[in-house]
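Encoded as structure tokens, the structure appears first; notes follow it.
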Amino acid sequence: MSKLVVLALAAGLLGGCASYDGRGLQPGRSTGAEVEALMGPPAERRTIDGRESVLYFPRGPLGRHTYAATIGPDGALRSIEQVLTQSNVDKLVAGITTRRDVRELFGPPSEISRLPRQAREVWEYKWLHYDERRVLWVQFSDDGIVREVINMRDYAADRVSRGRPG
């Protein structure tokens, strides 16, 4: 067997050990170490209120889910949830919501770009609303306040999924 085949098989087996959504973890019983052992290393860790830690596990670009695992000060899992949801999108309010609020709601964006003429930074999140692929763009002014939220069907993903170039 060639080295390339052996490496591909090993990567497949290791990838198969990771959990996409944390299935099998039990709030109050599982530990932060068990979360990472099952789900892999988080893309980001945030401390909330100086006590709890939130570990973010984006499952993109094809997955369109981000799971946030909240770990208490005692190291125990408090909750695990899929955060790219319509109810969280509905919490975004132009002129009020901050960059920090968005990061705590959704975790790290899949892409960050800049609109120089408008002096805005844009965070992109690809997500799934039931079976509809969607894309969320959150625009921030330089003071870190949300100025515009655009949430629409991801037509480019629809074209690619139907076998047409995106």
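The values are calculated or read from the model by the stated rules, or taken from the named source; none is laboratory data. Quick caveat: nothing in here was measured; it's all calculated off a predicted structure. Cβ placement follows ideal geometry from the backbone for every residue including glycine, while neighbour counts extend to all protein chains displayed. Note: areas computed on protein heavy atoms with side chains; ligands, DNA, RNA excluded. Shrake-Rupley method; radii C 1.70, N 1.55, O 1.52, S 1.80 Å.
Per-structure values
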quantity	calculated
Count of the stretch 64-109 residues which are within 17 Å of the chain's Cα centre (by Cα), of a type in the set (A, V, I, L, M) and not in a strand (DSSP E or B)	6
Subset of the stretch 96-129 that is open to solvent by 20 Å² or more (accessible area, probe 1.4 Å) and of a type in the set (S, T, N, Q) - its residue that is farthest from R46 (Cα to Cα)	Q118
Output for the stretch 63-110, where each listed residue is basic (K, R) and touching a helix residue (DSSP H, G or I) at 6+ places or on another chain (Cβ under 7 Å)	K91
Filtered residues of the stretch 108-147 (kept if of a type in the set (S, T, N, Q) and free of Cβ contacts under 8 Å to residues at least 40 places away in the same chain)	S113, Q118, Q139, S141
Residue within the stretch 34-55 that is open to solvent by less than 40 Å² (accessible area, probe 1.4 Å), over 15 Å from I150 (Cα atoms), assigned to a helix (DSSP H, G or I) and in contact (Cβ under 8 Å) with a residue 24 or more places away in the chain present	yes
The stretch 56-84: number of residues that are in contact (Cβ under 8 Å) with a residue 40 or more places away in the chain and either within 24 Å of D158 (Cα to Cα) or open to solvent by 60 Å² or more (accessible area, probe 1.4 Å) (or both)	11
In the stretch 139-166, residue modelled with the highest pLDDT [restricted to those that are acidic (D, E) and surrounded by 11 or more Cβ atoms within 10 Å (Cβ to Cβ)]	E148
Residue check, V93 surrounded by fewer than 16 Cβ atoms within 10 Å (Cβ to Cβ), farther than 30 Å from G24 by Cα and β-branched (V, I, T)	yes
